[in-house]
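The values are calculated or read from the model by the stated rules, or taken from the named source; none is laboratory data. These numbers come from a predicted model, not from an experiment. Cβ placement follows ideal geometry from the backbone for every residue including glycine, while neighbour counts extend to all protein chains displayed.
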């Protein structure tokens with residue numbers, strides 16, 4: 001099998017990069033896999049990871065059969081991101097191995113663990129959604145506006161004036177450079 005190795009460190013622990021790569025090389029060698037490519041990145045988890053994207057692109061092009069990482073948090077930005085990329089790799093038939101968590105998606109047990117990750121990702125999305133809804137409700141209870149600001153409200157007097165002059169909503173919208181729906185909403189109020 002052809003393996004791709006991905007190592008990442010934040011700027012705070014750069015000294016572990018060499019250790020990660022060496023451990024992953026030894027693992028590939030023990031399984032008699034050929035390491036086709038090695039990528040390493042330095043940076044925080046919130047930033048884009050161009051090397052990771054390139055490795056995924058190589059998987060899409062079938063240039064590698066398995067991706068090896070040191071730890072799951074070195075690969076995924078969040079549980080949702082992790083699940084999305086693991087699902088894509090699984091659909092491509094590309095294995096994924098995380099050494100420290102002993103997650104090996106080339107086995108049935110590893111694929112079962114990925115299913116559990118999916119459950120936790122769904123749980124994370126639902127909790128986030130509940131928090132957002134609670135925050136919106138709280139803001140509204142305090143009288144704070146929520147949602148997209150009304151951008152055409154400043155045209156209300158002009159719209160009413162033009163309508164009283166006999167122009168229809170389409171003509172008013174063209175004349176003022178705003179949408180017909182906005183004009184209709186103002187006239188209905």
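Given the criterion more than 16 Å from the chain's Cα centre (by Cα) and at positive phi, identify the matching residue among 111, 62.
Going through 111, 62 in turn, just one is more than 16 Å from the chain's Cα centre (by Cα) and at positive phi: 62.
Return a yes/no flag: does the stretch 90-107 have any residue that is surrounded by fewer than 21 Cβ atoms within 10 Å (Cβ to Cβ), within 17 Å of the chain's Cα centre (by Cα), modelled with pLDDT of 85 or more and closer than 18 Å to residue 7 by Cβ.
no
Residue-by-condition table, conditions (1) under 22 Å from the mean Cα position of the chain (by Cα); (2) within 30 Å of residue 105 (Cα to Cα):
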| residue | (1), (2) |
| --- | --- |
| 119 | yes, yes |
| 131 | yes, no |
| 141 | no, no |
| 159 | no, no |
| 162 | no, no |
| 181 | no, no |
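Kindly establish whether residue 172 is touching a residue at least 12 places away in the same chain (Cβ under 8 Å) and not in a helix (DSSP H, G or I).
Here the answer is no, as residue 172 does not meet what is asked.
Looking only at the stretch 134-159, filter to residues that are modelled with pLDDT of 90 or more and touching a helix residue (DSSP H, G or I) at 6+ places or on another chain (Cβ under 7 Å); which one of those is surrounded by the fewest Cβ atoms within 10 Å (Cβ to Cβ)?
Only one residue tops the list, namely 158.
Against the condition surrounded by fewer than 19 Cβ atoms within 10 Å (Cβ to Cβ), in contact (Cβ under 8 Å) with a residue 40 or more places away in the chain and assigned to a helix (DSSP H, G or I), how does residue 23 come out, does it pass?
yes
Given the criterion out of contact with any helix residue (DSSP H, G or I) (no Cβ under 9 Å at 6 or more places or on another chain), assigned to a helix (DSSP H, G or I) and assigned by TED's automatic domain parsing to the domain that holds residue 22, identify the matching residue among 73, 91, 81.
91
Cβ-Cβ below 8 Å, separation at least six or inter-chain, first residue in the stretch 79-97 and in contact (Cβ under 8 Å) with a residue 40 or more places away in the chain, second surrounded by 15 or more Cβ atoms within 10 Å (Cβ to Cβ) and part of a helix (DSSP H, G or I): which pairs?
Matching pairs, first to second residue: 79/117; 79/121; 80/121; 95/89; 97/27; 97/110.
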